[in-house]
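Have a look at the structure below, then the notes.
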Amino acid sequence: MVKLRITISLILLSLSTVTNAQELFKMKSNVKSRLISFENLSGASSNGGKENNGAKGHATETILPGATRTLVNYNGNGIVQRMWYTISERSPEVLRSIRLQIFWDGATKPAVDVPFGDFFGIGLGQKKPFESTFFSDPEGKSFNCFIPMPFRKQVKMLFINESKLNVNLFFDVDILETPPHTADVLYFHAYWNRKITSELGEDFELLPLIKGKGRFLGTNVGVITDSVYRGTWWGEGEVKMYIDEDTKYPTINGTGTEDYVGAAWGLGTFNHQFQGCLVADNKLGYFAFYRYHVPDEIYFNKSIKVTIQELGGTSLEIARDLYKKGAKIKPVI
């Protein structure tokens with residue numbers, strides 16, 4: 001029922017989580033606020049806006065095709081609190097051709113290596129104004145992330161332009177220097193996956209088997225349905241989470257795709273804090289939705305795997321007609 005499915009899953013790996021709650025009236029001890037941009041790439045004290053005598057001397061850079069630009073290379077202990085970007089080219093092709101990489105504490109393997117648009121919750125490259133608990137785009141022209149991301153020694157971020165166009169980039173990354181983190185503080189990771197053509201009856205992996213301890217924060221999913229099945233409902237697939245000792249059967253098992261994102265009887269467009277659907281085009285068969293497990297926390301102590309069934313639904317009469325026309329069908333009774 002599904003021709004193309006794209007997903008990015010957000011996870012925290014190690015032990016517990018950093019809370020995003022604040023007491024706005026309480027002064028924190030031993031912290032320092034930093035902002036990294038082209039106007040102050042080091043984020044150091046008294047180092048911002050030095051070019052052009054402080055009159056907006058270096059607000060932007062042009063990233064050439066094939067170029068990699070190090071945006072953040074910050075040493076210390078702290079938390080990435082917020083990221084904001086805007087780019088001059090925002091077509092679906094460019095949003096998929098730019099990659100964002102994030103490294104923690106001197107690691108050689110990135111914890112995040114995801115196409116730019118997908119990382120910021122832009123489903124199928126379709127820019128829509130929206131706001132969720134983790135991401136926002138006020139007018140369809142910017143990219144904001146509010147996930148707190150702690151680090152103990154260093155954070156490094158790379159902007160990789162694999163498109164054929166020059167990309168004019170503005171950005172800033174807000175960092176809070178903190179005292180050393182306790183052992184239960186987690187590192188943020190993101191996993192991106194794409195499947196062009198689905199196999200009949202084979203579940204799609206939102207998150208492959210991950211071993212270790214951590215928390216599953218949620219996922220953004222994009223779907224392009226196969227035109228062969230157009231007019232039928234593609235989203236009967238249940239989300240399944242195999243946690244720790246699970247093998248054949250999962251501990252967490254939902255009741256359907258639209259149910260997973262808090263909707264019912266199909267999907268229309270909406271955006272809420274923890275769940276939403278930004279693209280729902282029945283004519284084209286394009287759908288993009290998200291679900292973030294903040295109030296309903298998902299922890300694992302040994303391993304986790306998250307899948308969604310490739311499962312559609314229609315009447316018996318329509319199913320028989322599709323079968324006669326050569327459509328691949330595996331009845332579920």
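Worth a mention:
- Checked against the criterion of being among the small types (Gly, Ala, Ser) and more than 19 Å from Gln309 (Cβ to Cβ), the candidates Gly218, Gly222, Gly214 yield just one match: Gly214.
- Subset of the range 125-138 that is in contact with a helix residue (DSSP H, G or I) (Cβ under 9 Å, 6 or more places away or on another chain) and assigned to a loop (DSSP other than H, G, I, E, B) - its residue that is most open to solvent (accessible area, probe 1.4 Å): Gln126
- Counted residues, the range 85-114 - those being more than 16 Å from Val155 (Cα to Cα), open to solvent by 10 Å² or more (accessible area, probe 1.4 Å) and either in contact (Cβ under 8 Å) with a residue 40 or more places away in the chain or part of a strand (DSSP E or B) (or both): 7
- Hits in the range 146-190 - residues which are among the β-branched types (Val, Ile, Thr) and open to solvent by 50 Å² or more (accessible area, probe 1.4 Å): Thr182
- Neighbours by Cβ (under 8 Å, 6+ apart or cross-chain): first from the range 115-130, closer than 18 Å to Tyr286 by Cα and of a type in the set (Lys, Arg); second open to solvent by less than 10 Å² (accessible area, probe 1.4 Å) and part of a strand (DSSP E or B): Lys127/Asp137; Lys128/Asp137
The values are calculated or read from the model by the stated rules, or taken from the named source; none is laboratory data. If you're wondering where the values come from, they're calculated on a predicted model, not measured in any experiment. All Cβ positions, even for glycine, are placed from backbone atoms using ideal geometry, and neighbour counts span all protein chains on display. The area values use the complete protein model at the heavy-atom level, side chains included, leaving out ligands, DNA and RNA. Shrake-Rupley method; radii C 1.70, N 1.55, O 1.52, S 1.80 Å.
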